[in-house]
Amino acid sequence: MTFEIFQFDPRIMAGIRAMDYSDPTPIQHQAIPPILEGRDVMGLAQTGTGKTAAFVLPILQ
């Protein structure tokens, strides 16, 4: 699975590609869809697993 499944704006996808992100991490895969739906999410994951991108990318969308 790639970030394409989230159907982010092309400008956001360009930034994702520029950062060499290819596949979402488990926390991103679980958190991004409900955030895009406007739901509240609380997540817990180790440092370096992409939590910041998991909530920032949908907010930018």
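No value in this document is a laboratory result; all are computed from the given coordinates. This structure is a prediction, so every number in the text was calculated from the model and none was measured. So basically every Cβ, Gly included, is an ideal-geometry build from the backbone, and we count neighbours across all protein chains shown.
Just subtract the alpha-carbon distance of E4 and E37 from 0.36 nm times their residue separation and send over the number in nm, one decimal.
10.2 nm is the gain from fully extending E4 to E37.
For the chain, report the translational diffusion coefficient in µm²/s to the nearest whole number, using Stokes-Einstein at 25 °C, 0.890 mPa s, and a Kirkwood Rh over Cα pairs.
211 µm²/s
Please compute the contact order of the chain in relative form: average sequence separation of alpha-carbon pairs under 8 Å and at least six residues apart, divided by the residue count, as a percent.
Answer for the chain is 38 percent.
Counting Lys +1, Arg +1, Asp -1, Glu -1, what net charge surrounds A31 among other residues with beta carbon under 12 Å of its beta carbon?
Once positives and negatives cancel, what remains is 0.
Which value in deg cm²/dmol, rounded to the nearest 500, describes the helix-derived mean residue ellipticity at 222 nm for the chain, given -39,500 (n - 2.57) per DSSP H run of n ≥ 4 and division by the residue count?
Result for the chain, helices only: -14500 deg cm²/dmol.
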